[in-house]
Amino acid sequence: MSRRITHALGSLGQEILLVVVILALFAFVGTYNPRFLSENNLTSIFVGNAYIAVAAIGMSLVIISGNIDVSIGALIGVLAVISGLLVTNGYPIWLAWLAPLVLGAAINALVGCLIAYARVPSIIATLAMLSILSGGLITFTGGQWISGLPAGYQLAQFRLLNVPSPVWFMIGMTVLAGFLMRYTTFGRAVYAVGSNPEAARASGISYKATVVKVFAIHGAIGGIAAVLFATQLQVIQSTVPVGLELVIITASVVGGVSILGGVGTVFGSTLAAILFAAIGSSLIFLNVSAYWLRAVQGILILATVLADMARRRRTG
Amino acid sequence: MTPILELKNISKAFGPVKVLTGVDFDLRPGEVHALMGENGAGKSTMIRIAAGDHRAEEGEIRLDGEVRRFAGPREAQAEGIIVVHQELLLFPALSVAENVFLGHQPKTAAGLVDWGRMRREARDLLDRLDCPNLDVDQKVSRLSVADRQRVEIARALSRNARVLIMDEPTAALAEADVRRLLEVIRRLRSEGVAIVYVSHRMNEIFEIADRVTVLRDGVSVGTRPIGEVTEASLVSMMVGRDIHQLFPKEDVPRGETRLELRGVSLAGVVEDISFDLHAGEILGIAGLVGSGRTELAQTIFGVTPATSGEILVDGKPRKIGSVREAIDAGIAYVPEDRGLHGLVRAQPLRENVSMAILDRLTRYSVVDTGREQNLASDAIERFSIRARDARQRVGQLSGGNQQKVVLAKWLATDPKILILDEPTRGIDIGAKTEIHRLMGELAKKGLAILMISSELPEVLGMSDRVLVMREGRLSAIVDRKDATPDAVGAAMMQGRREPARAGAAR
Amino acid sequence: QSAWTGGDDQPTNPLACTGESPAPEPGEYNGGTPTNAPDRNGKDLKVVDIPKLVGVGYFASTASGMQEAAKELGNITVNTDGPTRANIDEQITFVDNYITSGVDGILFAANDPVAIAPVLKKALDAGINVVGYDADAEADARQWFVNQALPNGVAKSMMDQLASEIGEEGSFAIVTSTFTTPNQARWISEMQAYTEKCHPNLKFLETVEAQEDNILSFNQAQTLINKYGDDLKGILGMTSVATPAAAEAVQQNGLCGKVSVVGLALPNAMKPYINSDCIQSTILWNTVDLGYAAVEVMRQVADGTLKPGDKTVKAGRLGELPIVNQSQVLLGQPKVFTKADINDFDF
Amino acid sequence: MTSMTRILIRHEAILGILFVVVLFAMASQNDRFLTTANLLNQARLMTEVGLIAIPMTFVIVTGGIDLSVGSILGLCAILLGVFWQNLGLPLPAAIGLSLAAGTAAGFANGLIVTRFRVPPLIATLATLALYRGLAEGISQARSVRGYPDWFAVLGRGDFLGIPTQLWLFALVAVLGIFILRFTTFGRTTYAIGNNEAAAEFSGLPVERTKLVIYTASGFISALAAIVFVSRVSTTRSDMGSGIELEVITAVVLGGTSIFGGRGMVIGTLIGLCLMQILQNGLSLSGVRGDGTTVVIGAVLIVAVLISNLLSRFSSD
Ligand SMILES: Nc1ncnc2c1ncn2[C@@H]1O[C@H](COP(=O)(O)OP(=O)(O)OP(=O)(O)O)[C@@H](O)[C@H]1O
Ligand SMILES: Nc1ncnc2c1ncn2[C@@H]1O[C@H](COP(=O)(O)OP(=O)(O)OP(=O)(O)O)[C@@H](O)[C@H]1O
Ligand SMILES: [Mg+2]
Ligand SMILES: [Mg+2]
């Protein structure tokens, strides 16, 4: 029994490390400036990167399956704009919320086919998608922002039990995906495919179907992230934050998903996304000169990664 | 009795290379049908066709008399055709239990993966193979080769096979494990399962097989009931000629001390090992799986440098902190896991053979490809490697031929001390004889050879002295004349829980 | 008081605290001249507009002003094209390619005044008319620059507005895009100088960076609110991305009327907040007019009707625009949009 | 010639053909395209990406990746300015120090990857943030301008009628081709990419080779920074951001396997040129930047698809 617990802890090592780091950060900054721990600020931290955390869940699936997606930032941008255009052109709000999911799934299923059936390595397929989506977005919108969004559209501003909806989405999606990955044959197939595609084939698991499904799910989750992104403010930008894909990938890998495939959980990436938001907020509270903000972020990410490596070596 | 599985007139080619030509094969329920042949004869290829992994260009597969075409392994599995693959298709990042059940996990009523049942059933299966120490929650990446082989077997057993195909399931197993596996096979046979059994080990074949089919160069030489063949006749069917002496060990006068270990330890794995190895000597190392033989070899070779003790080469203490230093000291190591440690499968034969001596093939650090080509051509000839040419990717060669490439690679370093870790694992009888002959020849030339083998007859047949390891320690050193299976076996097993006798190691 | 973060270290020139400042003298022309430019008087012109980046509302609206002018003039076509990120290198490549393809004129908004200079000089050498708007290059690398508002004017409008909303003793923080953006850095420096001179008791807290990312801007504004609590009376938004995001943060926190947001933003993006009385104002020049003026100036430069030494230039529906700072055309003073008039504008 | 290089040649052949097709297509669209002046100018514009792509080919052949190159470029550009203006060093000394700093940054990447065994993607994701942060912190967002005229020769001048930096690029490229193709170092690089453990068991200096490659990547990024600063005559901390994706696109378009073990510098060069003439040629034919981006994405997929298709018919 204790062995089982050790194993469980071993496989959740990175998640625990992240929780410890987050708590330590909260304690430290909270001592320095108690306002950091105010309900308001904690909420902001959780809301701040919620759409990144949600997108990182899909990314984790992709990485666990042994692939990568560098086009997710552009996809979120495209889907957000589509959602905004639908609603400003008089389509019902529910459609504007749902369409990104469906379209995201469809677009990424296509990418998945390219990877699975045409054997284009995922980084190449998604690099290409990055170009196509980000270029296409500008061509399509001409750079106009979307404003004049109707009331009731701002899904990300809703609250349930006084908790903002992005937090619910973040937690809900994490639990759902965590469950999917652990308790369904599909989830296990994702690990199998990422760990050894040839062995997966020999075990009767279809590599192609699994990869296409992973990408489709990732696209749908990207659609949710896009809706959260689009509905947080009263305008929708027609450009994507620069380097969003890297932030999402970083959240995934700092969360303990092995870039070599087959390893990791979705909980880690959510924790990592929260950690990033907490770091960003902390540095302002600690009066770290904004010039050095990014350097400190880099050091913290590096430290987390190195601590993880040290931990893995100790536990073998 | 109608055959359950029948292959008719199967032909298969990889590009221009014909691998199988018009092969017929049939399998009846409740029989063990052995498949034999030299390395590269096409056994694995035939199996993969039967399992839906490869598609044959010609011929047909009949299942229960009906012609079938499998689109992939999944369809074959659905019909109960299960394969233990030669190259161990496992998921390194996942747990043992999951490896056993991936693709057909037990589910709860809600259709979810039932982890508890999965772990329990995996435990039961492993217990059936008598490996109680194998933790079902362990990651497979941390298992030894032997344990992986057990997992692979457990995986095949976990599916309810009608046809169980085992491609060299015992290659990585020691005697005791083989016994247990054969028992399991007998039981399955009595339950009516049809079994295809591939092995290069004669004694297993005679013990378990009902019929045997021999492949030679992609052609079926014939199928015989086991009672109608002898070891000699089987060998001549496989090789096309007679082979008489299986272990052609010649006596070579013992030369000066080449390698000496004094109290070498690798903390926690190998403890306090001392012995000496002489020029012209073949020193066998016997031991149970997991007794630390491989770790010892890798310590000497600098992969995991010793944490204490001294290693002397030619009487002088040498610091061996890396593979490079070991090579420079004249040590070569043929690893047991050739796919992982021995070869770069995606690269041509030529580049593999030259890999360990690249620095000697260069001028101003530019590789002299002419000399490299010669080296490779020589190796192909000397070891009779079956390859299209020196440019063929090593990954495309059969297992035995890959092993020869590893040997060639290490002999190219012109070593003084050669460590062979399971040198003939998965190698056909012809090649095995050749390798044994080669070992004798090398010893005669003054090479000092350290040979690890889990095949007791091989150790006893080839060694001048036998060093027995148990739980990371030296338990005995036995001279050739005293080396009987009983003596060595006893040293391997004795007092598994008692502390080793002090004097034995010295 | 320590220097404000985010400024540059160029000399500042704060305006007088009250009353109209006299328009600066034009001085002697210091722009460049195209070599061997063909006679383009009255001919059809093919002009390319290369903004800092495409895909943001700001430059979409300048581009629409350009199309308006082009339509009005009839003998000029303008094509907007540029990098998707405010990236100096890519912008240079765009200019370079358009030089090769042979346009008559280049309109640009520079990501970096120095970095873009060599390639603009190359354009001048190729006989192309070069006119800047929004963000200038080195003076001799272009002919004219259409200045939306003088930095000290922007600073005065912003700080006077802030002081009027939060009082002379309030504390405020700044949300900007990045510290490396020259325009914002210039404005921040001028704002500091002007504040020291005219609103010495306003308390500057800090500047945070938010890229051109509206969610990040929102998060940063939110963090500032959380950090300073009641001490924070005002947020200055330096970009058209940051200002609405800061307003949103104020609104979502229910701090309307308690925390003021003063900043540069497109009226359309601010309408929801101003119309709901959460935010009082937004400051901006008319970006459509900026693009419009740039094309008008380009036409006249090509025609030869705008020459070094001129003191004003006629710019279509905008009337006479003054020439300042040797080779700049001044669009005017920044405008403060309030609930009273914001709904009259659509850009 | 080995069977492996035969395949590669094949991919290169495809790419080469594609290149020629595009070249003629573009030339027929616009008579200003196929002129010496334009082509040389394009070569000048692609030098920085090209320089970094050479060591990146090595990095990717080992199965690694270096995402921090753009940040190293930015950091070195800033350091050049700081050393020269703020510390008052002579410019050549500042150049030397800046190159040294880039080398050190690359070395640090190498150490993290080899000593601490952090997967390269994660390691360089972290240093991507760190180095960019250092650049911002050190520069305090100030640009350094006003470099002496002689310095501009490197980035804007000519030598024997050919842009100065092109000579430098050619030198690095030839060195790269030679080392990867003919030397033990190159062999080791391939072996590491194909099977690191086997390379280690063969006594090849795995760690040292990787360390050298990452260090070289840092050094060349610094070199690119010098060229870049000289070309644009200013230093800013955001220089080179996003360049990593361009570089990786060129390398993978050139046929280098993202999984390591396969690839050639020649391929990278063709990939690079193809991208550049597409950008230039399309722009000259009146396609806007966003359209060009879309086309490049499509070409990336098409190139990989064609070569996948052909390799299926080959004997391997
Ligand atoms: N994917 C492949 N591509 C090209 N040739 C192949 C491929 N797989 C096998 N071969 C060739 O087919 C022949 C038969 O190989 P196979 O693995 O069936 O032999 P085997 O009888 O199982 O040998 P061993 O006893 O060594 O396992 C060999 O010559 C091998 O080189
Ligand atoms: N990668 C690994 N991770 C953890 N433990 C290992 C690993 N490889 C081997 N071991 C363990 O180390 C011990 C020594 O193994 P080693 O492989 O040296 O034994 P051996 O006598 O050579 O047996 P074999 O017949 O398997 O080669 C065993 O207990 C084995 O389970
Ligand atoms: Mg085989
Ligand atoms: Mg062993």
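The values are calculated or read from the model by the stated rules, or taken from the named source; none is laboratory data. This structure is a prediction, so every number in the text was calculated from the model and none was measured. Positions of Cβ are generated from backbone atoms using ideal geometry, with glycine treated the same way; all protein chains shown enter the neighbour counts. Note: areas computed on protein heavy atoms with side chains; ligands, DNA, RNA excluded. Shrake-Rupley method; radii C 1.70, N 1.55, O 1.52, S 1.80 Å.
Summary table below
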item: Total residues in the stretch B:190-215, condition away from ligand 1 (no atom under 16 Å from the Cβ), open to solvent by less than 50 Å² (accessible area, probe 1.4 Å) and over 20 Å from the mean Cα position of the chain (by Cα); result: 6
item: Number of the exception - residue C:67 against (1) more than 14 Å from every other protein chain (Cβ to nearest Cβ); (2) open to solvent by 40 Å² or more (accessible area, probe 1.4 Å); result: (1)
item: Selection within the stretch B:249-274 - in a loop (DSSP other than H, G, I, E, B) and under 20 Å from residue B:463 (Cβ atoms); result: B:249, B:250, B:251, B:252, B:253, B:254, B:255, B:256
item: Every residue from the stretch B:177-196 that is in contact with a Leu (Cβ under 7 Å, 6 or more places away or on another chain) and either small (Gly, Ala, Ser) or not in a helix (DSSP H, G or I) (or both); result: B:193, B:194, B:195, B:196
item: Positions within the stretch B:386-439 being open to solvent by 10 Å² or more (accessible area, probe 1.4 Å), of a type in the set (Asp, Glu) and more than 16 Å from ligand 2 (Cβ to nearest atom), in sequence order; result: B:389, B:414, B:434
item: Filtered residue count, the stretch A:228-247, keeping only those that are within 13 Å of chain C (Cβ to nearest Cβ), surrounded by 24 or more Cβ atoms within 10 Å (Cβ to Cβ) and assigned to a helix (DSSP H, G or I); result: 4
item: All helices (runs of 4 or more DSSP H) inside the stretch B:392-463 with 3 or more residues being within 16 Å of ligand 1 (Cβ to nearest atom) and touching a strand residue (DSSP E or B) at 6+ places or on another chain (Cβ under 9 Å); result: B:399-411
item: Residue within the stretch B:457-478 that is at pLDDT 85 or above and polar (S, T, N, Q) present; result: yes
item: Per-region count, the stretch C:1-20, residues open to solvent by 40 Å² or more (accessible area, probe 1.4 Å) and of a type in the set (Gly, Ala, Ser); result: 4
item: Matching residues in the stretch D:137-177 - criterion: being among the aromatic types (Phe, Trp, Tyr), more than 11 Å from every other protein chain (Cβ to nearest Cβ) and not in a strand (DSSP E or B); result: D:150, D:151, D:167, D:169
item: Odd one out for residue B:120, checked against (1) over 29 Å from the mean Cα position of the chain (by Cα); (2) under 18 Å from residue B:149 (Cα atoms); result: (2)
item: Any hit, the stretch A:282-289, residues being at the interface with another protein chain (Cβ under 8 Å from one of its Cβ atoms), surrounded by fewer than 24 Cβ atoms within 10 Å (Cβ to Cβ), touching a residue at least 24 places away in the same chain (Cβ under 8 Å) and small (Gly, Ala, Ser); result: no
item: Residue match in the stretch D:75-84 (condition: within 14 Å of chain B (Cβ to nearest Cβ) and either among the hydroxyl-bearing types (Ser, Thr, Tyr) or free of Cβ contacts under 8 Å to residues at least 60 places away in the same chain (or both)); result: no
item: Spans of strands (runs of 3 or more DSSP E) in the stretch B:18-100 with at least 2 residues surrounded by 24 or more Cβ atoms within 10 Å (Cβ to Cβ) and within 12 Å of chain A (Cβ to nearest Cβ); result: B:81-84
item: Output for the stretch B:72-102, where each listed residue is hydrophobic (A, V, I, L, M, F, W, C) and touching a strand residue (DSSP E or B) at 6+ places or on another chain (Cβ under 6 Å); result: B:81, B:82, B:83, B:84
item: Unique match (being surrounded by fewer than 24 Cβ atoms within 10 Å (Cβ to Cβ), at pLDDT 85 or above, within 14 Å of chain D (Cβ to nearest Cβ) and more than 25 Å from residue D:155 (Cα to Cα)) among C:100, C:93, C:80; result: C:80
item: Residues of the stretch B:297-317 that turn out to be away from ligand 4 (no atom under 16 Å from the Cβ), outside any strand (DSSP E or B) and polar (S, T, N, Q), as a count; result: 1
item: Counted residues, the stretch C:144-188 - those being part of a helix (DSSP H, G or I) and closer than 30 Å to residue C:310 by Cβ; result: 11
item: Options B:320, B:285: the member that is in contact with a Ser or Thr (Cβ under 9 Å, 6 or more places away or on another chain) and within 16 Å of ligand 4 (Cβ to nearest atom); result: B:285
item: Which numbered condition residue C:277 fails, given (1) open to solvent by 30 Å² or more (accessible area, probe 1.4 Å); (2) of a type outside the set (Val, Ile, Thr); (3) within 13 Å of chain A (Cβ to nearest Cβ); result: (3)
item: Search result, residues across the stretch A:102-127 that are without any contact (Cβ under 8 Å) to a residue 40 or more places away in the chain and within 23 Å of residue C:84 (Cα to Cα); result: A:124, A:125
item: Flag if residue B:174 is within 30 Å of residue B:288 (Cα to Cα) and open to solvent by 40 Å² or more (accessible area, probe 1.4 Å); result: no
item: Residue under evaluation residue D:71, criteria (1) polar (S, T, N, Q); (2) buried (at least 20 other Cβ atoms within 10 Å of the Cβ); (3) in contact with a strand residue (DSSP E or B) (Cβ under 7 Å, 6 or more places away or on another chain), criterion not met; result: (3)
item: Tally, over the stretch C:328-347, of residues that are at pLDDT 85 or above and over 17 Å from the mean Cα position of the chain (by Cα); result: 8
item: Residue pairs meeting the criteria (Cβ under 9 Å; at least 6 apart or on separate chains; first over 23 Å from residue B:343 (Cα atoms), in the stretch D:203-228; second open to solvent by 10 Å² or more (accessible area, probe 1.4 Å) and among the acidic types (Asp, Glu)); result: D:228/C:89
item: Selection within the stretch D:190-222 - within 12 Å of chain B (Cβ to nearest Cβ), among the β-branched types (Val, Ile, Thr) and touching a Leu at 6+ places or on another chain (Cβ under 8 Å); result: D:192
